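Bear in mind these aren't lab numbers, they're just calculated from the coordinates by the rules spelled out. All of these numbers come straight from a predicted model, not from anything done at the bench. Using ideal geometry, Cβ is built from the backbone for each residue, glycine included, and neighbour counts are taken over all protein chains shown.
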Amino acid sequence: MWSLRLLEVDRAERPVVWPCGWWCGKVVWEGGVGAFQSGRVPPSSASGTLRSAESIRMNPPMHKREFLKSLGGTTIAAMLPALVGPALSTRAANLSAFELARDEEFWTALRGKYRLNPDYINLENGYYSMMAQPVLEAYLEHIRAVNYRAAHYMRRSADSERELSRAALARVAGCDVEELAITRNTTESLDLVFAGHDWRQGDEVVFAEQDYGTMQSMLELLAARHGIVCRRVSVPLDPKSDAELVELYAAAFTPRTRLLLVPHMINITGHILPVAKIAARAHEQGIFVAVDGAHAFAHLEFRIPDLGVDAYAASLHKWLGCPLGAGLLWVKKSRIEELWPLIAPPANRAKGDIRKLNHLGTHPVQTDLGLRDAIAFHEEIGIARKEARLRHLKQYWLTRLVGQPRIRINTPSDPARSCGIGNVGIEGLRTAELEKRLFEEHRIFVVGIDTAGVDGVRVTPHLYTTESELDRFVDAMRRLAAG
Ligand SMILES: Cc1ncc(COP(=O)(O)O)c(C=O)c1O
């Protein structure tokens, strides 16, 4: 049995206790090894104030494994009543996700958990979404803790902590942990899959003009290197049906097609594609289906295995609100073995172990820890509520602009085909100019898109975005359109 005893600590090393009963501080295992750790304080000693080291006891003493398990969920105060207050938390529990999406009081309270720049309205959350304050604070603690233990952390804890984070991420993805690897971003995840194939000259790959630029570039790079053939389709903005999209992709398949890349949510328009249906059609021809889920993960409610694809990639610093430099790669168990790693893993990694793909050498392990805090925050809100709120925000501004003089909407007209991301342009006003004027004249930050036939600014609100901010955006667009 292990038991824990807190060290006599100086001011800088005092443990911090949050109101929900999580603490972080310096402890020693009986036997002498000191470490910054965190865990749940027994209810009797949780008070919500900073406590002295002596006043905190792990009670009863836990076996080390149990203790680590208790760290698996979170190290932050991510309980909904702590985030928005008990009254709003209770109200949320009694409302449907659809109803809650329209409850400004609830979302304004949650907004208080983010530190927002007052100089502008940020409607460009699709690139990188800031961490909520509790996640950021926990992350800063992780940086200190890892630095404090240094090589001791790397040798004794880094691997097991990463495994805990992988398990938490698998829970969010709804998948078997053995099919999931933590990476740095979507780029790395998809490039691992693309470059991991055993390419033969004349093999073909299919993707869309609307796929993310560097994903297309990677396939072109492989084409130049291995003599494979790239076939592009162009996804219409307003398909009449899912079948039209399935047929669009199917028309590009040939007996030589080996890989299909599909975006789950097109980053420039917000268009959500019927990935499962497209994948089912590709599988009739034995084609490997890789999905770019950079914008769909932690934005839409789904379980990765339900899509019936072979590989799925996402960036966790976008909609999951993780520290920068976190991504995931999911590969169907039966397809892991055939992929070659890009960087050699340790010699004892089995070919069927997905972790053979993400070996990096020494890397910023605090990101692995911050991942669990972001997950805890995300799970407290709940994906159904998050999806409903993001869709509501997009519909809120879009319905107020559609049909207005000179306004051009570059997002599918069927609201079910998009969620939080939308795109809008103004006839006769260059997109770069529109982006600039929105910022300089109206203090609204968006990104201009002028690629693959899409000409307009991408608008990506987040959970902290309010309807009144969107009113300002709508007003600014109407004024600019009026000339
Ligand atoms: C659709 C899509 N795929 C891939 C990426 C690349 O993401 P990252 O830079 O996090 O790898 C992005 C980035 O915005 C994207 O929008």
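Around V459, which amide H atoms from residues at least 5 apart in sequence, or from another chain, sit under 5 Å from its own amide H, with H modelled in the peptide plane?
G422, N423, V424
Residue by residue through the stretch 322-333, what is 3J(HN,Hα) from phi via Karplus (6.51 cos²θ - 1.76 cosθ + 1.60, θ = phi - 60°)? Round to whole Hz and write x for glycine and proline.
8, x, 4, x, 10, x, 10, 10, 10, 10, 4, 3
What whole number of Å gives the distance from the Cα centroid of the stretch 252-275 to the Cα centroid of the stretch 79-148?
32
Using each residue's phi in the stretch 471-479, evaluate 6.51 cos²θ - 1.76 cosθ + 1.60 at θ = phi - 60° and report the 3J(HN,Hα) Karplus result to the nearest Hz, with x for Gly and Pro.
4, 5, 5, 4, 4, 4, 5, 5, 5
Write down, largest first, the equivalent ellipsoid semi-axes of the stretch 400-483 in whole Å, where each equals the square root of 5 times an eigenvalue of the alpha-carbon gyration tensor.
17, 16, 13
For the stretch 155-378, take every pair of Cα atoms, bin their distances at 5 Å starting from 0, and report each bin as a whole percent.
Using 5 Å bins, I get a P(r) of 1, 7, 15, 20, 20, 16, 11, 6, 3, 1, 0, 0 for the stretch 155-378.
Which loop-located trypsin sites (Lys or Arg not before Pro) does the stretch 315-384 contain, where loop means any DSSP state but H, G, I, E or B and the Cβ has at most 12 other Cβ atoms within 10 Å?
Answer in residue order: K351.
In square nanometres, what is the average projected area of the Cα convex hull of the stretch 384-440?
4.4
Please state the equivalent ellipsoid semi-axes for the stretch 124-224: what are the square roots of 5 times the Cα gyration tensor eigenvalues, largest first, in whole Å?
Taking √(5λ) for each Cα gyration eigenvalue gives 34, 19, 14 Å.
Pulled fully out, how much extra length does the chain show between Y120 and V402, if you take 0.36 nm times their separation in residues and subtract their Cα-Cα distance?
So the extension gain works out to 99.1 nm.
Which FRET efficiency value, to the nearest 0.05, is calculated for D471 and L324 with the Förster distance at 35 angstrom and r the Cβ-Cβ distance?
The value I calculate is 0.70.
Just grab the label-to-label distance for A347 and S413, each label 7 Å out from Cα along the Cβ direction, in nm (one decimal).
So the label points at A347 and S413 sit 6.5 nm apart.
Please sort by residue number the GluC sites (Glu not before Pro) in the stretch 384-483 whose DSSP state is loop and whose Cβ has at most 15 other Cβ atoms within 10 Å.
E427
In the structure displayed, which of K277/K356; K277/K332; K113/K436; K318/K356 lie more than 22 Å apart, Cα to Cα?
K277/K356; K113/K436; K318/K356
Can you list the HN-Hα couplings for the stretch 423-434, worked out from phi with the Karplus curve (6.51, -1.76, 1.60; θ = phi - 60°), rounded to whole Hz and with x for Gly and Pro?
9, 9, x, 10, 4, x, 10, 4, 4, 4, 5, 5
Choose one of A181, L221, I278: the residue whose Cα lies farthest towards the positive end of the charge dipole of the stretch 155-378 (beta-carbon charges +1 Lys, Arg; -1 Asp, Glu; about the Cα centre).
A181
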